[in-house]
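Single-structure report; data block below.
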Amino acid sequence: MSELTNYSVDGDVAVISITNPPVNALSPGVPEGIAKGIEKAEADDAVKSVVVIGSGRTFIAGADINEFGKITSGQKKPEIGLLPILLQIENCSKPVVAAIHGTALGGGLETAMACHYRVAVPSAQVGQPEVKLGIIPGAAGTQRLPRLVGVAKAAELCAIGNPISASDANEFGLIDEIVEGDLLAGAVAFARARADSGEAPRKTREISDRFGDAAENEAALKAIGKQASKFYRGMQAPLKAIEAVAAAATLPFEQGCEKEGEIFLKCLFSDESRGMIQTFFGERIVAKIPGIAKDTPLIEINQAAVVGAGTMGGGIAMNYLNAGIPVVLKEVDQPALDRGLATIQKNYDATMKKGRLTEEQVEQRMSLLSPSLDYSDLKDADIVVEAVFENMALKKQVFTEIDKVAKAGAILASNTSTLNIDEIASSTSRPEMVIGHHFFSPANVMKLLEIVRGEKTSKEVIATSMALAKRLRKTGVLVGNCWGFVGNRMFGPYMREAEFLTEEGASPRQIDTVLYKFGMAMGPLAVGDLAGIDVGWKVRNEVKDSIPEGMRPHRTSDKLYELGRYGQKTGKGFYRYEKGNRMPVPDAEVDAIIAACAEEGGIERREIGDEEIIERTVFALINEGAKILEEGFALRAVDIDIVYVYGYGFPAFRGGPMLYGSTVGLKHVYDRVCDFEKQHGFWWKPAPLLEKLASEGKTFADFDREKAGA
């Protein structure tokens, strides 16, 4: 039939196989190939039923997302071409059975629901995850699904987007039979039995007895809407998905499909979808490193070592243990080592209580962990990760010791969040093996790994680090060696403006609430309390000699440090914290401290609007990001965006700070930065790249394209 589909016959059952590896996405040609197979089966009197199955590792994992970009860029007409083909499947006069293994997601599940029946292996998963791209199902997914599982469950599946197991799908009525043995054999037997029954094929669109009670549906949809709004804070796609599902119960199928199509296109052309799709593709883009060939030899990582068993070191060790890599965990004394081991065990116990790990799995992971007080125990490690306090002298001392015992060819990685990798590497005899592996707290949870290349870091070490990130289930982003690298260098101005805004008249609660509503995982001052005000103070003192004379000091955070208000760890920071509770509580004492600091600095306090809070903080990120991009410490704007979405809780539906800046318009960002420079001084000097792109009417993506083509 085509290279993407295959047609065969098993007795009186036609088998249409999808052969579009690796995930059988519905790329152009796949739906058409299925349609041709249906036509061929219809025309063959010897064929009594049809099975649609995926070859390789899965059924159909979804649509080809590249096609969405072609629509939004104007390369392709905004037509939903899959829907007519699915109607052709459903209109087949012979029973059509979808045989599911792996996943049937998005357009894959829509294809399966257009078939008359569905069977699946026990390990299969099905779902409608389009909301995670800022869109809704666009080929009758919101119309057929409620006809099979009811309105409430369909709304949940479309608005939350998480897949469900085959057994759950069977219970809900989405899957007709679980096949325990060979899937194809079971599907063929099922299809043959349906044909032999003499019953007309069951068309999903004609099912109407599962809609349920209208009043109950309305209450359920409201509850799901609240849940989705909390889960996808600030996004519209979840609520639009619920709206489309609700239409299925009140409109004829054809009109419901029209309603779905209208909503789909509005979502597809939204900034929200643009941001989510960039984040989806961004993970692939950041993995491509110019100058590092795909066939670059990788260093085999069979054993790891971590120096430092504190919060970060323990979390880093857990990443390796979770990947099945044995770890030697080194500390300076037994009490510190015992505390680190206890924390790791506590974290695993908590995960086990949540049902995410079994007791046997926890025991297996812990069995891979070897505690140590002796550097000589690191001698067999293929990678040694330093995770001690953020102090250059201490890190150089640790690397000197590591260098003495680590075997030739071992990677020496530092978890530094700000310090110069080249200076750290200078304390070793092998700077080409030294690299930064900046994990984010909590290291065993956060998805980002900022990989910092030094001047002499070898290509093999870089390539291995990027591959290792995947193995540890992290998204690795390669960055250059400047103070703070990409993430923390940008975070400095962001936090600076948040603090300065408090002195100028905004309350900590107002600032954090505004940015939380903007979509940030946490407000900046709450983040400061979580990370530790003492940590920020010590980092600033590390670089105090490079701070220009006359620069406005961090009066408030310095005062909080002097008073021992370090944040959550002491129960007091910018907020007050009750024992055993991480919820920040506004503190009148802090208000008084801020007012006194403002008076000391001669700062006139005023009422500050929400828009200014967003512009002062987020535009500070964008301006600093433009400097980093132009200076070459980030490979692409999207690398910066991925760092901020996965490492700093920037809302994925806004795409990251650089895409957000391009979305609101770089001319607007530049003009406001200039305004802030006039009001607040040299802090706000515009990045030359921002000025250039704003004057040319271009975006950061334009800069990336021009750079790639150079």
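The values are calculated or read from the model by the stated rules, or taken from the named source; none is laboratory data. Worth saying up front: this structure is predicted, and the values here are computed from it rather than measured. Using ideal geometry, Cβ is built from the backbone for each residue, glycine included, and neighbour counts are taken over all protein chains shown.
What is the one condition in (1) on the phi > 0 side of the Ramachandran plot; (2) modelled with pLDDT of 95 or more that Gly198 does not satisfy?
(2)
Name, by its number, the condition in (1) among the aliphatic types (A, V, I, L, M); (2) at pLDDT 95 or above; (3) under 15 Å from Tyr566 (Cα atoms); (4) touching a Leu at 6+ places or on another chain (Cβ under 7 Å) that does not hold for Ala498.
Condition not satisfied by Ala498: (3).
Of everything in segment 588-608, what is under 21 Å from Gly681 (Cα atoms) and of a type in the set (Asp, Glu)? Give them in sequence order.
Glu599, Glu600, Glu604, Glu607
Just to be sure I understand the filter: pairs with C-beta atoms under 6 Å, separated by 6 or more residues or on different chains, first member in segment 383-411 and touching a residue at least 12 places away in the same chain (Cβ under 8 Å), second member exposed (fewer than 15 other Cβ atoms within 10 Å of the Cβ) and of a type in the set (S, T, N, Q). Which pairs pass?
The qualifying pairs are Asp403/Ser429; Val405/Ser376.
State all residues of segment 228-247 that are in contact (Cβ under 8 Å) with a residue 60 or more places away in the chain, more than 14 Å from Glu262 (Cα to Cα) and of a type in the set (Gly, Ala, Ser); if no residue qualifies, say none.
Ala228, Gly234, Ala246
If I filter segment 388-404 down to residues being among the β-branched types (Val, Ile, Thr) and assigned to a helix (DSSP H, G or I), which single residue comes out as surrounded by the fewest Cβ atoms within 10 Å (Cβ to Cβ)?
Thr400
Taking segment 358-387, which residues are surrounded by 17 or more Cβ atoms within 10 Å (Cβ to Cβ), assigned to a helix (DSSP H, G or I) and under 32 Å from the mean Cα position of the chain (by Cα)?
If the condition is that a residue be surrounded by 17 or more Cβ atoms within 10 Å (Cβ to Cβ), assigned to a helix (DSSP H, G or I) and under 32 Å from the mean Cα position of the chain (by Cα), then Val362, Arg365 are the ones that fit.
When you go through Ser93, Ser17, Ser49 one by one, which is the residue that is modelled with pLDDT of 95 or more, under 24 Å from Ala166 (Cα atoms) and over 38 Å from the mean Cα position of the chain (by Cα)? Reasoning before the result, please.
Values: Ser93 fails: under 24 Å from Ala166 (Cα atoms); Ser17 fails: over 38 Å from the mean Cα position of the chain (by Cα).
None of the other options fit; the residue is Ser49.
Considering only segment 82-196, give the helices (runs of 4 or more DSSP H) lying wholly within it that have at least 1 residues that are surrounded by fewer than 21 Cβ atoms within 10 Å (Cβ to Cβ).
By residue number, 82-90, 141-149, 151-160, 166-172.
With respect to Ile224, determine if the residue is within 30 Å of Lys459 (Cβ to Cβ), modelled with pLDDT of 95 or more and either part of a helix (DSSP H, G or I) or β-branched (Val, Ile, Thr) (or both).
On the way: within 30 Å of Lys459 (Cβ to Cβ): no; modelled with pLDDT of 95 or more: yes; either part of a helix (DSSP H, G or I) or β-branched (Val, Ile, Thr) (or both): yes.
When the stated conditions are applied, Ile224 does not pass them.
Among the residues of segment 596-608, write down those that are at pLDDT 95 or above and surrounded by fewer than 12 Cβ atoms within 10 Å (Cβ to Cβ).
Those that are at pLDDT 95 or above and surrounded by fewer than 12 Cβ atoms within 10 Å (Cβ to Cβ): Arg606, Glu607.
When you look at Leu419, is it at pLDDT below 95 and buried (at least 22 other Cβ atoms within 10 Å of the Cβ), yes or no?
Values: at pLDDT below 95: yes; buried (at least 22 other Cβ atoms within 10 Å of the Cβ): yes.
Taking the combined requirement at face value, the residue satisfies it.
May I ask you to list pairs of residues, at least six apart or on different chains, whose Cβ atoms are under 7 Å apart, with the first in segment 84-112 being outside the structural domain of Val9 (by TED's automatic domain parsing) and the second being at pLDDT below 95?
none
Could you give me the residue pairs with C-beta distances under 6 Å whose first residue belongs to segment 689-707 and is closer than 16 Å to Asp641 by Cβ, whose second residue is at pLDDT 95 or above and among the small types (Gly, Ala, Ser) wherever it lies, and which are 6+ apart or on separate chains?
Listed pairs, sorted by first residue: Leu689/Ala626; Leu690/Ala626; Thr699/Ser662; Phe700/Ala637; Phe700/Ser662; Asp704/Ala637.
Which one is surrounded by the most Cβ atoms within 10 Å (Cβ to Cβ), of the residues in segment 21-61 that are within 15 Å of Gly108 (Cα to Cα) and of a type in the set (S, T, N, Q)?
In this case the residue turns out to be Asn24.
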